[in-house]
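Each remark here refers to the structure printed beneath this line.
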4 protein chains.
Amino acid sequence: MTTVAVPPARARVPRHPSCDHTEEMAARRREFVKRQTGADLTHVGTYSVDPASLPGNIENFTGVAQIPIGITGPLRVLGEHAVGDFYVPLATTEGTLVASYNRGMRLLTENGGVKATVVDDAMQRAPAFALDDARQALHFGKWVADHFEEIRDAAEATTHQGHLISIRQYPVGPLRYLRFNYTTGDAAGQNMTGRATLAACEWIQHHYPGPARYLLSGNIDTDKKHSRLNMLETRGKRVVAEATINRELLRSLMGIDTGHVFWSRQIQMVGSFLAGSASNGAHAANGLAALFIATGQDAANVAESHASISYSQLLENGDYYWSVTLPALIVATHGGGTGLATQRECLEMMGCYGPDKVQKLAEICAAVVLAGEVSLAGAVLHGDWVDSHERLGRNRA
Amino acid sequence: MTTVAVPPARARVPRHPSCDHTEEMAARRREFVKRQTGADLTHVGTYSVDPASLPGNIENFTGVAQIPIGITGPLRVLGEHAVGDFYVPLATTEGTLVASYNRGMRLLTENGGVKATVVDDAMQRAPAFALDDARQALHFGKWVADHFEEIRDAAEATTHQGHLISIRQYPVGPLRYLRFNYTTGDAAGQNMTGRATLAACEWIQHHYPGPARYLLSGNIDTDKKHSRLNMLETRGKRVVAEATINRELLRSLMGIDTGHVFWSRQIQMVGSFLAGSASNGAHAANGLAALFIATGQDAANVAESHASISYSQLLENGDYYWSVTLPALIVATHGGGTGLATQRECLEMMGCYGPDKVQKLAEICAAVVLAGEVSLAGAVLHGDWVDSHERLGRNRA
Amino acid sequence: MTTVAVPPARARVPRHPSCDHTEEMAARRREFVKRQTGADLTHVGTYSVDPASLPGNIENFTGVAQIPIGITGPLRVLGEHAVGDFYVPLATTEGTLVASYNRGMRLLTENGGVKATVVDDAMQRAPAFALDDARQALHFGKWVADHFEEIRDAAEATTHQGHLISIRQYPVGPLRYLRFNYTTGDAAGQNMTGRATLAACEWIQHHYPGPARYLLSGNIDTDKKHSRLNMLETRGKRVVAEATINRELLRSLMGIDTGHVFWSRQIQMVGSFLAGSASNGAHAANGLAALFIATGQDAANVAESHASISYSQLLENGDYYWSVTLPALIVATHGGGTGLATQRECLEMMGCYGPDKVQKLAEICAAVVLAGEVSLAGAVLHGDWVDSHERLGRNRA
Amino acid sequence: MTTVAVPPARARVPRHPSCDHTEEMAARRREFVKRQTGADLTHVGTYSVDPASLPGNIENFTGVAQIPIGITGPLRVLGEHAVGDFYVPLATTEGTLVASYNRGMRLLTENGGVKATVVDDAMQRAPAFALDDARQALHFGKWVADHFEEIRDAAEATTHQGHLISIRQYPVGPLRYLRFNYTTGDAAGQNMTGRATLAACEWIQHHYPGPARYLLSGNIDTDKKHSRLNMLETRGKRVVAEATINRELLRSLMGIDTGHVFWSRQIQMVGSFLAGSASNGAHAANGLAALFIATGQDAANVAESHASISYSQLLENGDYYWSVTLPALIVATHGGGTGLATQRECLEMMGCYGPDKVQKLAEICAAVVLAGEVSLAGAVLHGDWVDSHERLGRNRA
């Protein structure tokens, strides 16, 4: 064994052992940072959220990041849950983004609105069980399938909102990667499914007649990571936004022709395929990140949620059918950051706060993404993409 | 041609034609939202950032999202640019995240710190040129290679900080996808490279002896999207964080053995490969999203930046060599949101505000990611992953 | 409409309208080729297969390609179906291949043999249905799930051996990609599943209360193509071969240490992940192509079948657990080329001709692949990889 | 250390120590097989190839697999090297294949022929160097770039035909994956590049001022494996085949409309993207495997070569521009199996035997693939796909 000889590190960040979520402790930490680094955290220390509301959301609370919000809309959504004209808050520091989405929303709204549909719903935790060999693993896999009800009961005993829908199995060597698929109510559900799957794994390990070692995540969930598997099998909500765009309207509002859009679409689809991209569309991440930050979603889930599949057809009359499918949209209207001060206000602005609102929010997200796709296509083809960044963006030449 | 008959939409968001970035206009929009939706935006309207500082960052400014910041550290970084013990601000609404990263930082710091190295640097815009056929495209490709200096001059004439390093070519059918690689100084550079590449494409189109139609993006950049291409060829910074973790220290601080970690690593690497994941590690997106929001990075770039490649070896003495490579880390210390009130403070806390700081920030980002990887591995293997979310997280059963 | 003016083409290949599979017609075509191109097809015309046996296997039969066969083995297989020491025919023109596989077989056999297990079995045809919009497609998807039994009956009415196991649905926009999974007895089953799925689609189109246009293949089968989907969901057989290799035996027979193998494994797994490879192993395609050609498999299926997932662990005693999983192995012991003269002999050599032998053949295939992996690892690490190609290969410097 | 106790294996295959490539030894092995397994290898023993010609192609030569060849064509190719109407030998056991390709060839030839162009040429060996840490690896990478000429000289000293074009570097942690790109004359070049790269690595290891351990393959070549990297960066030849298909001709010969083809193309491109497929086309592997077997190519390279990228546009006049790009076509007209008896005849039939013919063969391969794509699209859309397999295929219901 080696020994470690390391110079002493700087002081650790102060914490209160029992009552840490207070303005007093936040201030103490800001002073600590000032003493240690010289940085003045005055703006960070300016906030209206109540520190006492933050246990469960943050540790070592010190203040806030203030992220500017621009309001966009109205965006007409024709969902099963979101029906009407919505004003959408986007939190971003990237100039042009709000203006661009706004332009797309205007076009889609004048065109009659965006159809939006949640077509699948499944949140995962995916443990890996290691057996002695592949034959044992095959036996184990059958046993798991045969005991699905009991495993489900063990999982669901830990949660009110989570329901175990299925366990998909992916065999490799002596391993069984199990992908537990849940619905999780209004929550995003990563913690809920983690807890439930732990209980299920413990049940399995206890009842399976033989040794069955497991890892709670074998990395096929794939939590906080884009993957082909999530694109295929859904993570969170799978949502479609679609519209048939009138040729004349597109020409008059954006100065581009649907034929030109479809020509470019062929090039971009091949480019996406060639690059091995998470999306054959343009920039879903932009709208989603801005909406996530505004509404208290987990911004790390942009990793999964930005995956998108565009499918379109040029119709015989010259109109353009355009759809975007988000296969791994992770959103919540309960839990996480959704109840915090500004985040709740932003959800309320869209009527998405409170129970049974997560499908509605998912539909709005997809409609926003479609607006961004249409707008950027217009900017690229009409040649004003760079120009608008010149006018609205921060980084001038 | 079809005609569109659509009921009238709700009112558009108010804007001031010339002077829109004021508290007055922000207040007007908050009132507008209240009138239209009933939502009170009092908290959104509580901020200290000066609206006059926001042109270039947001349109339709209405207020802010307040994202709680927790301070972590000290994290000892042994980079080429970042050298010392850093306190790192993480903005998140996800309980446990700050505590988990903090734990990993403590281990790595006590272990002697994290080596961090920026090994590549390249930001892109990637137009597609459409020629008449593949033979014309082949000819065109040679012509572009032969005129690299002139194309570079045309591109660089639009920017002080951007330098065109290379143009990579990807031929498909009659198309040439060109990937323009730039260094962009302290800026992330997406706008800079867009503008420069537009100028380059115009130069090409004007001088190439033959027709050469182009799209400014053929979707292989791949801007705001993860892709295999970015993982291979770098987008933004390619940064490595690495440490050789002492077996006894890991055991005493986290209660796990390096042999157990390496066993589980095999299962997770195969899982990631099987799933077609953007990362064979655990959760780079968590730390990066939190750091991005705190420091004014573009949160949409979590899409690209969360890609990561873990490589490790179990040494003969039982210690554990652990590295994380971020192939597409997009960060800036100039431009975008980096100069805003709270964001600047957070950069200053790490000595990352001002010129020539972007490599330093990139090194810190990678070190933070490594801390998160180590900590989560410990939690999963030691069995307290779910438990800590129970204690620190918001969603109790 | 444009018109086409093209100089006349050369003569078409002669065919007999009713009785084309004869040596007479073959000879006529060889003469035709000689007349048209000057090429003498004497060797092509030397064969013992009866032309009358070839309807269903080839059109325009003209002769044969003679592919040299080398016999390898014995290879000890401990499967559920293949149990014993097998001699394996490999048809190849690549020097070293037979010797290399033979070396691996010797090691594995002396080590106690290869465990082999078929862990999944599913052949597909995957049509895409286009509905009016995503909501219609969602409704359609539920309808299909609700009518699974009737759809299955329609499909199975066309085949004795094919059984429809499940229909997996992948929604995108207004589309439903349906992946029909079948077991297909001793046949590979692509034609069988095509016919059955056509009948199923026709049934669906006729009975579904609404318009439902379809393509018989929406390209997610993915027939004759590697894909992540096939790697995840199995195409043909999913087979595992595994062995725990004794450290001393490996050292004495191959001159390499298991620790060295495991070190290199980490590098190769990361390389495969980085490259976005169809395999994190070495060269499954080599053994499979040679075995496919010898035994009358469809060589085009090397595209799907070469995908492989290696999973290994270094045990505490220094022995090396090594597994290879082939997720998309497409083999048959009935139909296709399996009954032809030389092909049947090669199947008989392994006791794989006749009914109920396809699982056995699949197990042997996987064991052969593992032998090739072990052998190549030895060659690379021991440094005689290039050297053996010098000695045994054709292309000397 | 464990010990191995294993029952004795069956006898090893007989070999002659010095003179093994004789009919006598082949016969002895056939008898051995008969004795050991009961299988009569009479047909395997029927061949005209001279065993004395086989060293360098096979070990343990025992006989041949007879693979039926069907002649297709004429196929009009308008390449840079292949110009004229070609008859193409396809070796397959899959009924319908020859007829289907033949139909596509007829259409394309009547349409004026297929433009074919080799747009890139690069064969690889890709070692991985392991340094002490990422900073050392960065230094090493620069050193390699600075010493490219000397490394090239060391590599090229081992070969007459191989030329080292570039070394691409892919950094991960302390590793540098180096991808050596060569042109290899008329040979496929895997052995040539292996030998040359070994010499280069030895030179590097000897001259680099510091320790630099390497693996000759770090698995990013990716030899005998499909990968995204090969699709992007070319392996072997990158070839494009293209044609603008007349709408009326397509309708009259295949009974389908170009609009219908383009509609289905959108669905298939999205399907391929979704599935993470190696090809967004239909079945390149079919034609390539058949052509590879007939002409002495390495059939294992179907793994890499079947990757394909289809790009098409529907023109304003209703004609259909169709291109197929093969990014990783590995072919040879020298070395490997190209000189064997039947294989050489098949190359001669196309004027592809002898020096400087490999580009010509590559162009023909791509044109054949395009013919197969067009034909299958016709069969799927016209509804006779299954039907033709009923008529021509072996597996009747």
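Values computed for the structure shown
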quantity: With DNA, RNA and ligands ignored, accessible area of C:Glu149 (1.4 Å probe; Å², nearest 10); calculated: 100 Å²
quantity: Candidates C:Gly372, C:Gly173, C:Gly185: whichever shows maximal mean-square fluctuation once chain C is modelled as a Gaussian network with Cα springs under 10 Å; calculated: C:Gly173
quantity: Estimated FRET transfer efficiency (A:Lys34, D:Asp153; beta-carbon r; R0 56 Å; 0.05); calculated: 0.40
quantity: Accessible area of B:Thr258 in the full protein assembly, 1.4 Å probe (Å², nearest 10); calculated: 0 Å²
quantity: Quarter of the Cα convex hull surface for segment D:302-397, i.e. its orientation-mean projected area (nm²); calculated: 9.1 nm²
quantity: Two-decimal ratio, the protein assembly as shown, of alpha-carbon radius of gyration to 2.2 N^0.38 Å; calculated: 0.87
quantity: Per-residue average of Cβ from other chains inside 10 Å of D:283-292; calculated: 6
quantity: Sorted largest first, extent of segment D:125-233 alpha carbons per principal axis (Å); calculated: 40, 31, 19
quantity: Chain D: most fluctuating residue of D:Gln169, D:Gln36, D:Gln268 per GNM, C-alpha cutoff 10 Å; calculated: D:Gln36
quantity: Under 13 Å, Cβ to Cβ, from B:Pro14 - net charge with Lys/Arg +1 and Asp/Glu -1; calculated: +4
quantity: Given charges at beta-carbon only (K, R positive; D, E negative), |dipole| of segment C:95-191 in Debye; calculated: 460 debye
quantity: Nm distances between copies for C:Tyr208, ranked from closest, using label points 7 Å along Cα→Cβ; calculated: 3.9, 4.3, 5.7
quantity: Using a 7 Å Cα-to-Cβ projection, D:His163 label spacings across copies, nm, ascending; calculated: 3.1, 6.0, 6.7
quantity: Relative contact order (percent, whole number), segment D:242-397, Cα cutoff 8 Å, 6+ residue spacing; calculated: 26 percent
quantity: Nearest-10 value in Å² for the accessible area of D:Ser53, using the 1.4 Å probe; calculated: 40 Å²
quantity: Within a Gaussian network of chain C (alpha carbon springs, distance under 10 Å), most fluctuating of C:Glu316, C:Glu345, C:Glu304; calculated: C:Glu316
quantity: Spatial separation of Cα centroids for segment C:336-397 and segment C:290-311, in angstrom; calculated: 10 Å
quantity: For segment D:13-85 and segment A:57-89, distance of Cα centres in Å; calculated: 70 Å
quantity: Assigned charges on the beta-carbon of Lys, Arg, Asp, Glu; segment D:318-396 dipole about Cα centre (debye); calculated: 280 debye
quantity: P(r) histogram, all alpha-carbon pairs of chain C included - 20 Å bins from 0, percent; calculated: 24, 48, 27, 2
quantity: Mean residue ellipticity (222 nm) of chain B, computed from DSSP H runs ≥ 4 via -39,500 (n - 2.57), nearest 500; calculated: -12500 deg cm²/dmol
quantity: Whole-percent pair-distance distribution, where bins are 10 Å wide, for the alpha carbons of segment B:53-116; calculated: 20, 34, 24, 19, 4
quantity: Normalised contact order of chain B, rounded percent, pairs of Cα under 8 Å and 6 or more residues apart; calculated: 20 percent
quantity: Nm distances between copies for C:Leu315, ranked from closest, using label points 7 Å along Cα→Cβ; calculated: 2.8, 6.6, 6.7
quantity: Simple label model, 7 Å out from Cα along Cβ direction - A:Asp257 to B:Thr22, nm; calculated: 4.5 nm
quantity: Loop sites in segment A:80-163: trypsin sites (Lys or Arg not before Pro), DSSP, at most 16 other Cβ within 10 Å; calculated: none
quantity: Rg to Rh, two decimals, where segment D:1-93 supplies the alpha carbon set and Rh follows Kirkwood; calculated: 1.22
quantity: Neighbour net charge for C:Gly173 - beta-carbon separation under 9 angstrom, K R +1, D E -1; calculated: -2
quantity: Nearest residue to the symmetry axis between B and D, taken on chain B by its Cβ, in whole Å; calculated: B:Arg228, 2
quantity: Cα pair count fraction exceeding 20 Å, expressed as % - segment B:232-300; calculated: 52 percent
quantity: Flagged links, alpha-carbon separation over 19 Å, of C:Lys34/D:Lys115; B:Lys237/D:Lys225; C:Lys115/C:Lys360; A:Lys115/A:Lys360; A:Lys142/C:Lys360; B:Lys237/D:Lys142; calculated: C:Lys34/D:Lys115; B:Lys237/D:Lys225; A:Lys142/C:Lys360
quantity: Cα-derived Rg to Rh of segment B:28-183, Kirkwood definition; calculated: 1.16
quantity: Axial C-alpha extent at least 15 Å, average Kyte-Doolittle at least -0.5 - helices from chain D (DSSP); calculated: D:97-110, D:134-146, D:258-275, D:284-295, D:358-382
quantity: Whole-number percent relative contact order across segment C:174-324, with pairs defined as alpha carbons under 8 Å at least 6 apart; calculated: 25 percent
quantity: For segment A:181-237, fraction of C-alpha pairs farther apart than 18 Å, in %; calculated: 44 percent
quantity: Under-5 Å amide H pairs with C:Phe86, H placed in peptide plane, nonlocal only; calculated: C:Leu75, C:Arg76, C:Val77
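The values are calculated or read from the model by the stated rules, or taken from the named source; none is laboratory data. Given the structure is predicted, the values throughout are model-derived calculations rather than measurements. Every residue, glycine as well, gets a Cβ built from its backbone with ideal geometry; the counts of neighbours run over all protein chains shown. Protein only, heavy atoms only, side chains kept; ligands, DNA and RNA dropped before computing areas. Shrake-Rupley method; radii C 1.70, N 1.55, O 1.52, S 1.80 Å.
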